[in-house]
Amino acid sequence: MNKGIPYLLAVLVALTLSAGWAAPVLALFEHVASCLGSGGSVDLVGLRCVPGAPMALGWSFWATSAATTLVVMAVTNRRGLHRR
């Protein structure tokens with residue numbers, strides 16, 4: 001095997017990276033990473049960041065809260081615990 005082949009491959013890789021295709025690809029990866037890091041999602045078709053929706057407290061939260069309150073009130077009711 002020729003000893004110059006690794007050097008030739010290194011030169012070809014350096015020329016390929018300097019051709020300008022790597023910068024946009026790396027910029028896209030950095031954009032996606034920052035978008036996902038901030039809690040958003042990425043629209044790959046439009047190449048844009050879609051911010052995450054704020055968490056809304058829906059009816060299931062309020063129904064669970066009301067049911068828990070009623071159970072706690074029923075369990076801790078003094079008249080119910082000390083019946084004669």
### Query
Within the chain, which complete DSSP H helices have Cα atoms spanning at least 20 Å along the helix axis and a mean Kyte-Doolittle hydropathy of 1.0 or higher?
22-37, 59-75
### Message
As a test of the formula, what do you get for the chain when each DSSP H run with n ≥ 4 contributes -39,500 (n - 2.57) and the sum is divided by the residue count, at 222 nm and rounded to the nearest 500 deg cm²/dmol?
### Response
-18500 deg cm²/dmol
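State to the nearest 20 debye the size of the charge dipole of the chain about its Cα centre, where the only charges are +1 on K and R beta carbons and -1 on D and E beta carbons.
Charge dipole, the chain, about its Cα centre: 880 debye, nearest 20.
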### Message
Under the 0.36 nm per residue contour assumption, what length would be gained going from the current alpha-carbon distance of Leu57 and Met73 to full extension?
### Response
3.5 nm
### Ratio of the Cα radius of gyration of the chain to 2.2 N^0.38 Å, where N counts its residues
2.59
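All of the numbers you see were taken from the coordinates with simple rules; none came from a lab. Given the structure is predicted, the values throughout are model-derived calculations rather than measurements. Cβ sites come from the backbone with ideal geometry, for glycine too, and all protein chains shown count toward neighbours.
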